[in-house]
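See structure below.
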Amino acid sequence: MANNCTENPETTRQLIAQYLNSDAALQKVHDEFIENTLTNYYLPFAVAPNFLVNEELYALPMTIEESSVVAAASKAAKFWLTRGGFKTAVRGTEKVGQVHFMYFDEPKRLESFFKKVLPLFHEDSKTITQSMRKRGGGISAIELRNKTDELDGYYQLHCTFETLDAMGANFINSCLEQFAQTLKVEAGKQGISLEVIMSILSNYVPNCVAHAEVSCPIGEDGSKTTVSHEFAKRFVQAVAIAKSEPFRAVTHNKGIMNGIDALVLATGNDFRAVEAGVHAFAAKDGQYSSLTHAEIKEDHFTFWIDVPLALGTVGGLTSLHPLVKLALEILKNPTAKELMQLVAVAGLAQNFAALRSLVTTGIQKGHMKMHALNLLNQLGASEDEKVQLLEYFKAQTVSNAALKKQLAEIRNNK
């Protein structure tokens, strides 16, 4: 007998039914994304407008639950709209996968064996790679790596791939499993004793990187084409602090991921894979550090990001989820390379907005005003009370206690 896991099963059933889609066919699509589906879990789907990227205007779709993220991104986009916009590029698109195995005999014997069997890895995986090769992608390289300094007997086939507009996880994993099978069979024929432990892609893609930057002259305060020297100096110092202090860097980069994750999720990509790879990249030099960089050079302020992003615009949810299709349409149906650049822009914009607040007015003033509506909903404020309170707090510091007090005063006056 199943245990009741809620205090009121009937209320739970009503809640589950409330969030189910009335279109049975559409609900079936959602049901089959994962296992043991109960209902749908809604998140807001928004757009952040006014992004000028490589001289072309975009609105970026964002799916996120956190207050002020979309507003902050939009504000950053508007700020840079009159200062040249965002410039982007792709530094590389190389994806990675590995076959991990154990071998305890002579390393030179394994190296000699690998050279002989290397062509067979390509030959035996031809049926898997055929379609990808026709489009210009496929296996880039297969390398034998001796990792015995890190772990006794540990070796790997370190493999790189080009997957074009697909994120490529299934393609890469299928290739790797075939490599592992070929490795085992051919080793058996040669009397070489090795044990394949696992074959799996890596979400760390340091050679699949998008670059985004903004830059403008340093000039008079209040100009729509410049930034002030004082602002630029404080901003560069704030980034330098995030570069040198991991406690600050984690929060600094979390703000970047607010923008990145929101766009990655809206376009049906795997934000967890992106998160894992990005944070590994942030620690690639031995200490966790800022993903963004800033400098003042020859009276110009420049702010930029290089970020690893393994994304796709075909396959997965891109052809199944209606809102993912819409998000890609809003982005003008980008290629994977174009999406990488737009996602980097989202992260850079989010970080700019946060740092701009931090070095000027402070982060809480703007954030709490955006969060005020959530607090008012929690307090059960009516629509009329919300209007009055939001107007009142335009010039006041927002806090939960202050909202409660002012709401009580409004109700007492009634």
*Give me the pairs: first residue in the range 164-182 and touching a residue at least 12 places away in the same chain (Cβ under 8 Å) and on the phi > 0 side of the Ramachandran plot, second residue of a type in the set (V, I, T) and buried (at least 19 other Cβ atoms within 10 Å of the Cβ), beta-carbon distance under 9 Å, and six or more apart or on different chains, which are they?*
L164/T93
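Scan the helices (runs of 4 or more DSSP H) fully inside the range 198-301 and keep the ones with 2 or more residues being among the aromatic types (F, W, Y).
Working: elements: 229-244, 246-266, 271-282.
Qualifying helices (runs of 4 or more DSSP H): 229-244, 271-282.
So that you can scan it fast, the table gives a plain yes or no per residue for (1) aromatic (F, W, Y); (2) at pLDDT 95 or above; (3) in contact with an Asp or Glu (Cβ under 6 Å, 6 or more places away or on another chain):
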position	(1), (2), (3)
D299	no, no, no
F303	yes, yes, no
V307	no, yes, no
L311	no, yes, no
A327	no, yes, no
L331	no, yes, no
P334	no, yes, no
K337	no, yes, no
V343	no, yes, no
*Flag for I34 being under 24 Å from the mean Cα position of the chain (by Cα), surrounded by fewer than 10 Cβ atoms within 10 Å (Cβ to Cβ) and hydrophobic (A, V, I, L, M, F, W, C)*: yes
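Does T160 fit the bill of being of a type in the set (V, I, T), at negative phi and in a helix (DSSP H, G or I)?
Working: of a type in the set (V, I, T): yes; at negative phi: yes; in a helix (DSSP H, G or I): no.
No: the conditions fail for T160.
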*Report, ordered by the first and then the second residue, all pairs with beta carbons closer than 8 Å, sequence separation of six or more or different chains, a first member in the range 256-284 that is within 9 Å of G347 (Cα to Cα), and a second member that is in a loop (DSSP other than H, G, I, E, B) and β-branched (V, I, T).*
N258/I64; D261/I64
*State which residue is surrounded by the most Cβ atoms within 10 Å (Cβ to Cβ) when the search covers only the range 133-148 and only residues that are of a type in the set (D, E, K, R) and within 19 Å of I200 (Cβ to Cβ).*
K147
*Is it the case that the range 48-69 has a residue that's over 18 Å from D261 (Cβ atoms) and touching a His at 6+ places or on another chain (Cβ under 8 Å)?*
no
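Among F179, F235, F171, which is under 24 Å from T82 (Cβ atoms), modelled with pLDDT of 95 or more and of a type in the set (F, W, Y)?
Details: F179 fails: under 24 Å from T82 (Cβ atoms); F171 fails: under 24 Å from T82 (Cβ atoms).
Answer to the selection: F235.
The values are calculated or read from the model by the stated rules, or taken from the named source; none is laboratory data. Bear in mind that the values here come from a model prediction, so they are computed numbers and not experimental data. Note: ideal-geometry Cβ built from the backbone for every residue, glycine included; neighbour counts use all protein chains shown.
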